[in-house]
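Have a look at the structure below, then the notes.
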Amino acid sequence: MTLRAIKYENNSLEILDQLLLPAQSKYIQVKGVEDGWKVINKMQVRGAPAIAIVGCLSLAVDLRNEKFDSKQQMRQEIEGKLNYLVSSRPTAVNMKIAAEDLIDLANQLSKDSNVTLENMKTKFLQTVEDMLTKDIADNQAIGEIGAKEILSGVSGDSLCRIMTHCNTGSLATAGYGTALGVIRSLHAMKRLEHVYCTETRPYNQGARLTAYEMVHDKIPCTLILDSMVAAVMKHRNITAVVVGADRVAANGDTANKIGTYQMAVLAKYHGVPFFVAAPLTSVDLKVPSGDHIVIEERPDREMTHIGEHRIAAKGVTCWNPAFDVTPASLIAGIITDKGFFRPEQLKTLNDHQKMNNHSS
Ligand SMILES: CSC[C@H]1O[C@H](OP(=O)(O)O)[C@H](O)[C@@H]1O
């Protein structure tokens, strides 16, 4: 079993083909941005942070193999390829924010007369490669901050029972995970009693990926059907729900895997606090509310087949949105690498603060 979704050594980029898990653990090579776009679009690699990292590293692979006549030529190549990668999946914001930041960097380096062509390439590539270690550090911070926030609502030294949706662990990031990072931190603190993970139809991120990670880490976990959320909340005394995010709007509305919204409604009904765990790079202050978030719709076949086996009547109409939006009113708080925020606190952040803020 391996939990390394991304392997990047000596300018060779490989991703663990998550369409084959858990039955088969197979790495495939990503030889440039064309491959990068394909493995993201096909969901061979998925998860908002992992999408951004694999997309940007696929550009690094191209750049290392290319010779440029000028800094302007390199800048143009960088901008064109990053904008192409952003089109691979529209809802998760991490690739878009990474592209904006890296295009800004390329513009600065290109305009700086003290920077040579070689310096520009070296600095740019180092910035991209640093995304791997930064993401792991961000996730460990999210884990720590989230565990402390959840424990602040728990009496004495009692243990927690956490429900989660989809996969937000090492297979969705460079490692450790966001919502699963909070679960890993609670486990490390010996304050986690049990995890309930939903199967998460139709891609089955929960059954195929989160269960895989929990078994790998020997974290006590029960797989439940998406249709069991209400019954588990009613009978299993859930301490909190913690999920990930693909894009958090400025007012705290959050786009996440389809099924998240109904979990939040059920959590409100059952009095269970509902938390979103995501790096601040998933917060899109340019989007005022969830109404403005584009929701990706995926092929019917993901619903009508499991592998080659048809499970739905031929000819039936399908609707397969990959995400839904949970309104901020249903969210107790957003756990980020820079602190814990009530949804209404996000819009007070500006881009500079996003980089440095430590909230209350
Ligand atoms: C830390 S991953 C965030 C997010 O990405 C997943 O979606 P997908 O598997 O389609 O890439 C899911 O919504 C996770 O919560």
Completion exercise
Hits in the range 140-182: amide N under 11 Å from the 7 Å Cα→Cβ extension of Lys42, namely none
Problem - Distance in nm between pseudo-label sites at Thr222 and Glu193 (7 Å out along the Cβ direction from Cα) - result: 1.1
Problem - Full-stretch length increase - Val265, Ser25 - with 0.36 nm per residue and alpha-carbon distance subtracted - result: 82.8 nm
Problem - Residue-normalised accessible area of the range 6-135, given per residue in Å² at a 1.4 Å probe - result: 44
Completion exercise
Reported to the nearest 10 Å², Ser113 has, with a 1.4 Å probe, an accessible area equal to 110
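Tell me whether the range 157-225 comes out rounded, prolate or oblate; compute the Cα gyration tensor, take square roots of the eigenvalues as a ≥ b ≥ c, and use a/c under 1.5 as the rounded threshold. Mind dumping the intermediate values first?
Details: a/c = 2.10, a/b = 1.40, b/c = 1.51.
Verdict is oblate for the range 157-225.
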Completion exercise
Under a 1.4 Å probe, counting only protein heavy atoms, His165 has an accessible area in Å², nearest 10, of 0
Practice task
Working from Cα positions, state the angle (0 to 90°, nearest 10) between the long axis of helix 71-86 and the longest principal axis of the chain.
Solution key: 20
Practice task
Pop a pseudo-label 7 angstrom from the Cα along the beta-carbon direction at both Asp130 and Val294 and give the gap in nm to one decimal.
Solution key: 2.9
Exercise for the section: Starting from the Cα of Glu34, step 7 Å along the direction of its Cβ; do the same at Leu285; then give the gap between the two resulting points in nm. Expected result: 3.9
Practice task
Quick one: grab the alpha carbon gyration tensor of the chain, order the square roots of its eigenvalues as a ≥ b ≥ c, and give me rounded if a/c is under 1.5, else prolate or oblate depending on whether a/b is larger than b/c.
Solution key: prolate
Handout entry: Using alpha-carbon coordinates, inclination of helix 94-111 to the longest axis of the chain, degrees
Key = 20
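Going by a ≥ b ≥ c, the root eigenvalues of the Cα gyration tensor, does the range 146-187 fall in the rounded group (a/c under 1.5), the prolate group (a/b larger than b/c) or the oblate group?
Numbers: a/c = 3.03, a/b = 2.27, b/c = 1.34.
Verdict is prolate for the range 146-187.
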Practice task
Considering only Arg64, Arg247, Arg191, give the residue with the highest GNM mean-square fluctuation for the chain, with springs between Cα atoms whenever their separation is below 10 Å.
Solution key: Arg64
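Given a 1.4 Å probe and heavy atoms of the protein chains only, how would you sort Asp104, Asp35, Asp253, largest accessible area at the top?
Working: Asp104 80, Asp35 45, Asp253 20 Å².
Largest accessible area first, the list is Asp104, Asp35, Asp253.
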Practice task
Just the Kirkwood number for the range 138-277, please: inverse of mean 1/r across all distinct Cα pairs, in Å, one decimal.
Solution key: 14.7
Exercise for the section: With only Lys, Arg, Asp and Glu charged, each at its Cβ (+1 for the first two, -1 for the last two), find how big the charge dipole of the range 142-356 is about the Cα centre; round to the nearest 20 debye. Expected result: 360
Problem - Separation between Cα centres of the range 301-338 and the range 168-229, rounded to whole Å - result: 17
Problem - Cα-based helix-to-principal-axis angle, 179-188 vs the chain, degrees rounded to 10 - result: 70
Practice task
Determine which residues of the range 233-248 fall in the zone a paramagnetic label at Arg342 would reach in this model, i.e. backbone nitrogen under 13 Å from the point 7 Å along Cα→Cβ.
Solution key: none
Handout entry: Percent accessible area from carbon and sulfur atoms, the chain, protein chains only, probe 1.4 Å
Key = 53
Completion exercise
Which of Leu330, Leu102, Leu117 fluctuates most in a GNM of the chain (C-alpha springs under 10 Å)? That residue is Leu117
Completion exercise
Measure of exposure for Ser152: accessible area at 1.4 Å probe, Å² rounded to 10, is 80
Handout entry: ³J(HN,Hα), Karplus 6.51/-1.76/1.60, whole Hz, each residue of the range 319-332, x for Gly, Pro
Key = 10, 10, x, 7, 9, 9, 10, 9, x, 4, 5, 9, 9, 5
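The values are calculated or read from the model by the stated rules, or taken from the named source; none is laboratory data. All values derive from a computational prediction rather than experimental measurement. When we count neighbours, we look across all protein chains shown, and the Cβ atoms used for this are built from the backbone with ideal geometry, even at glycine. All accessible areas refer to the heavy atoms of the entire protein, side chains included, with ligands and DNA or RNA removed. Shrake-Rupley method; radii C 1.70, N 1.55, O 1.52, S 1.80 Å.
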